[in-house]
Amino acid sequence: MKLFAELLDRLAYTPGRNAKLRLMQRYFQTTPDPDRGYALAALTDGLPFSFPVRRTITSLVTRRLEPELFRLSRDYVGDTAETLALAWPEPAGPVVPPRLCEIVAELELMDRNALEMRLEAWLDGLDATGRWALLKLLTGALRVGVSARLAKTAVAEMASKSVAEVEEIWHGIAPPYLQLFRWLEGLAERPDVSGAPVFRPLMLAHPLEDADWEALHIEDFAVEWKWDGIRVQVAAGRHDARLFSRAGDDISRSFPDLMAGLNFRAVLDGELLIVRGGEVAPFNNLQQRLNRKTLTARMLADYPAHIRFYDALEIEGADLRAFTLTERRARLEEWYARARPLHSDISELLFPASKAALMQLWQEARGMSIEGLMLKRRSSPYIAGRPKGHWFKWKRAALTLDCVLMYAQRGSGKRSSYYSDYTFGAWTADIEGRPELVPVGKAYSGYTDAELLELDRWVRNHTTERFGPVRAVAPGLVLEVAFDAVQRSTRHKSGIAMRFPRISRIRWDKPAAEADRLEAFIQLIDDKI
Amino acid sequence: MTAVRFDTWLRPTDKGLYCLAGDFYIDPVRPVARAVVTHGHSDHARPGHHAVLATAETLAVMRLRLGEGGGVVPQALAYGEQLRIGDVDVTLRPAGHILGSAQVVLDYAGQRAVVSGDYKRQPDPTCAPFEIVPCDLFVTEATFGLPVFRHEPDVREISRLLTSVAAFPERTHVIGVYSLGKCQRLIALLRQAGYDKPIWLHGALQSTCDLYEQLGIALGPLALVSEAQQSLAGEIVLCPPSALKDRWSRRLTDPVTALASGWMRVRGRARQYGVELPLVISDHVDWPELIATIEETGAGEIWVTHGREEALVHQIGLMGRRGRALALVGLEEETD
């Protein structure tokens with residue numbers, strides 16, 4: 001548990017991706033089985049338990065700590081579990097700290113009523129970092145800034161394998177992943193997962209650049225709308241079906257309404273959408289359904305899920321990935337006509353007669369509340385990863401408005417000495433009719449390194465107030481902000497939220513008073529909800 | 001409990017703790033005629049006093065940092081040496097906080113008060129260790145006066161640092177340290193751990209390091225970042241905490257930012273400073289040491305000068321002693 005706790009502690013403070021990978025690799029290389037396998041499970045949200053620990057913590061505090069001192073400590077620390085971990089009495093004599101594998105093995109079978117007693121004994125055997133990590137482990141959510149995919153990347157790169165190779169077998173193997181580590185260390189063959197519904201790494205698209213457009217021959221490409229949902233893979237076997245996100249996370253549990261219809265044998269690529277009365281609902285509808293542990297009947301009825309298929313990797317046992325898109329599409333259509341799974345359809349192909357007609361389709365996308373177009377080379381096989389020259393995404397043109405810089409925050413990692421995160425506002429009027437800025441969004445990209453230096457200098461020279469890492473600045477700098485869309489939001493004072501905002505230009509020339517007004521944002525709200 | 005109340009000869013005032021029986025202040029925050037100074041940190045050693053009594057090391061620090069303001073008539077008193085001022089016998093005893101730091105022991109009319117200043121109990125290669133002085137009244141700080149504050153053994157934190165240096169040889173490890181005391185202690189701890197490469201310094205740390213060396217504390221090879229000819233990848237750099245966020249740090253190679261401070265125990269504080277490697281190394285007592293020290297002095301009455309006095313006074317009550325929060329102004333929460 002000690003090494004695992006130290007790993008989590010370090011990860012929680014480490015902003016850089018490469019540094020995180022290095023820390024995890026060192027851990028996996030130096031930690032014995034089966035502990036490292038359970039650690040991998042914890043980092044990929046693969047442990048089969050999560051305990052609501054709040055009441056247990058309260059009870060332990062009452063029994064083991066002085067209440068007034070705990071209250072004062074809690075006020076200072078701001079987090080109950082962390083306070084408990086820090087203030088817990090140190091063991092009087094030498095102790096044997098529990099191993100991670102022992103803790104996991106017991107927790108898997110643990111009765112909720114027995115938790116408090118075991119937890120108390122474990123806490124007595126751990127140091128402060130260990131106690132903190134244990135409480136995190138119990139809740140089932142580590143929150144140390146590591147995605148499941150990053151953890152898989154760490155183990156894959158340990159053995160100079162690609163993450164795709166790990167992802168392909170991931171859903172056919174289980175904690176503590178002994179076979180996986182044996183394979184990675186060259187001691188065994190790759191685990192055989194044939195027959196299990198596992199994730200196949202996806203083929204991804206490149207943004208369409210000017211040069212791609214110039215070189216494009218329309219007859220070589222299949223054209224589809226770019227649907228505004230999330231990319232999913234359906235892997236359905238004879239007895240079992242799974243729904244995977246684009247990163248290979250199993251999201252089946254959040255979509256019981258879809259899973260019921262997946263009684264076939266195929267691995268299909270498609271877009272997960274909310275479709276109501278034949279109409280695709282805006283993306284924020286889908287967000288209501290993602291990452292939910294509990295689903296109500298009401299939610300299923302209000303946000304009906306739907307899959308729009310556009311490719312097939314396997315159909316009834318036949319691997320189609322080496323076939324051309326044209327062939328795969330024909331197989332998909334032929335199969336769909338027979339199987340007709342519930343809550344699904346096929347993404348229609350568009351047939352613009354010329355590049356001019358294609359351009360016109362693209363321009364119409366925004367008016368139809370569609371995100372853009374997908375252009376896929378007809379002769380391409382299905383290649384995992386992001387191969388060049390095969391698939392292009394052509395997003396609708398961004399919208400831009402001029403905003404006024406209000407706050408700047410220091411970045412992290414390489415940017416920790418730069419004010420690199422910008423909150424900007426639009427003009428509105430306060431109750432007495434005087435002009436007032438309200439924050440409308442935040443962006444930390446879109447500028448060059450040279451512009452970052454200038455922005456940083458401007459922020460330092462125009463600071464009016466400081467709040468920790470944040471500075472408020474005088475309303476004097478106009479930023480042209482590019483964004484994809486505007487949505488209603490009850491979480492922000494302005495009542496709106498921007499999608500994918502980034503700084504497109506710094507308007508050194510423009511007086512702040514001439515920046516856009518909040519009304520301009522409100523007019524852009526996609527109101528089809 | 002003694003018959004004479006301590007207030008009749010020692011009391012908190014808005015200038016600091018005042019000893020009526022000897023007509024002098026201890027760590028006064030405003031200029032006074034006669035001051036006894038526990039140690040050289042700027043919230044304790046202020047400029048503009050006339051006579052200043054302190055250890056020779058503290059006087060040297062004051063001269064370095066305050067120049068003319070370091071006292072018109074300085075007077076050195078060695079640890080253990082007794083001096084009569086008015087009706088009071090004054091003795092200085094090591095406080096273990098930084099080089100020259102002292103507890104002020106006051107004997108008056110059969111009562112003994114110990115004003116400890118800032119102190120710690122963990123061993124420190126750069127200063128004399130804290131001595132327990134049995135007393136009737138113990139005046140203590142409470143910088144880390146909450147049970148959540150327990151400083152890890154410093155060797156453990158140094159080993160975490162060196163492990164990180166080994167794990168990221170292509171990056172610079174830059175550690176924010178208070179320039180007086182913490183800086184030199186960290187260097188000495190690294191030397192104890194066998195680290196013998198040059199340690200790179202921000203310019204603001206040089207003069208105090210020079211002073212420590214002059215006073216006999218060996219620090220090994222030191223070099224200035226501003227004079228580095230090569231990339232500092234793989235090296236350890238020390239700087240004042242404020243420089244971590246400053247444009248100064250941009251010259252370092254993909255730095256791992258660290259901060260050596262007792263506050264690093266609490267995640268919220270560590271995140272507030274935005275550091276990647278929080279090191280819990282403090283020059284103050286932690287909670288268990290505070291309680292143990294109070295016990296060991298045997299004092300029936302405890303005055304708490306500054307810090308988180310509410311929790312400590314509550315704890316003192318639980319221990320069956322009289323606790324009193326002085327809420328002295330001007331004693332700051334440093335980045336320690």
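All other residues whose Cβ lies under 9 angstrom from that of A:Ile169 are scored, Lys and Arg at +1 and Asp and Glu at -1, for a net of -3. Look at the stretch A:190-198: the mean tally of other chain Cβ atoms within 10 Å of its residues' Cβ atoms is 0. Among A:Leu3, A:Leu187, B:Leu106, a tally of other beta-carbon atoms within 10 Å of each Cβ gives an order, fewest to most, of A:Leu187, A:Leu3, B:Leu106. DSSP assigns beta bridges within chain A; of those with both partners inside it, close to 90 percent run antiparallel.
Taking other C-beta atoms within 10 Å as the exposure proxy, A:Lys376, B:Lys120 rank A:Lys376, B:Lys120 from fewest upward. Separation of region A:109-133 from region A:263-308 is 39 Å, based on Cα centroids. For region A:453-468 and region A:10-51, compute the distance between their C-alpha centroids and round to whole Å. Each part's Cα centre sits 37 Å from the other's. Using 1/(1 + (r/R0)^6) with R0 = 25 angstrom and r between the beta carbons of A:Val193 and B:Leu162, what's the FRET efficiency to the nearest 0.05? Efficiency computed from Cβ-Cβ geometry: 0.05. Report note on the peptides B:65-75, A:430-440, B:180-190, A:134-144: ranked by the mean count of other C-beta atoms within 10 Å, highest first, their order is B:180-190, A:134-144, B:65-75, A:430-440. So what does the Cα-only Debye profile of region A:2-139 read at q = 0.09, 0.14, 0.19 Å⁻¹, as log10 I(q)/I(0), no solvent term? Each listed q maps to, in turn, -0.28, -0.68, -1.19. Shielding of peptide B:247-255 by partners, expressed as the average count of other chain Cβ atoms within 10 Å per residue Cβ, is 3.
Spin-label model, B:Leu83 to B:Arg191: label points 7 Å out along the Cα-to-beta-carbon direction sit 2.9 nm apart. For region A:289-320, the list of trypsin sites (Lys or Arg not before Pro) that fall in a loop by DSSP and count at most 16 other C-beta atoms within 10 angstrom reads A:Arg292, A:Lys293. The relative contact order of chain B comes to 17 percent, based on Cα pairs under 8 Å that sit 6 or more residues apart.
Computed from the C-beta positions of A:Thr30 and B:Leu222, the FRET efficiency with R₀ = 45 Å rounds to 0.85.
Local charge for A:Pro89 was computed over the other residues whose Cβ lies under 9 Å away, with Lys and Arg +1 and Asp and Glu -1, and equals -1. Between region A:321-375 and region A:159-235, the alpha-carbon centres lie 21 Å apart. Our coupling estimate for region A:470-487, obtained by passing each phi through the Karplus curve with A = 6.51, B = -1.76, C = 1.60 and θ = phi - 60°, is 10, 10, 8, 10, 5, x, x, 10, 9, 10, 7, 10, 9, 7, 8, 6, 10, 10 Hz, Gly and Pro reported as x.
Summary value for region A:2-139: 38 percent relative contact order, contacts being C-alpha pairs under 8 angstrom separated by 6+ residues. Other protein chain C-beta atoms within 10 Å of residue C-beta, averaged over A:84-92: 3.
Ranked for footprinting exposure by Cβ neighbours inside 10 Å, fewest first, A:Leu60, A:Leu325 give A:Leu60, A:Leu325.
Values quoted throughout were computed directly from the atomic coordinates according to the rules given, and no laboratory measurement underlies them. Nothing here was measured: the structure is a model prediction, and the numbers come from that model. Positions of Cβ are generated from backbone atoms using ideal geometry, with glycine treated the same way; all protein chains shown enter the neighbour counts.
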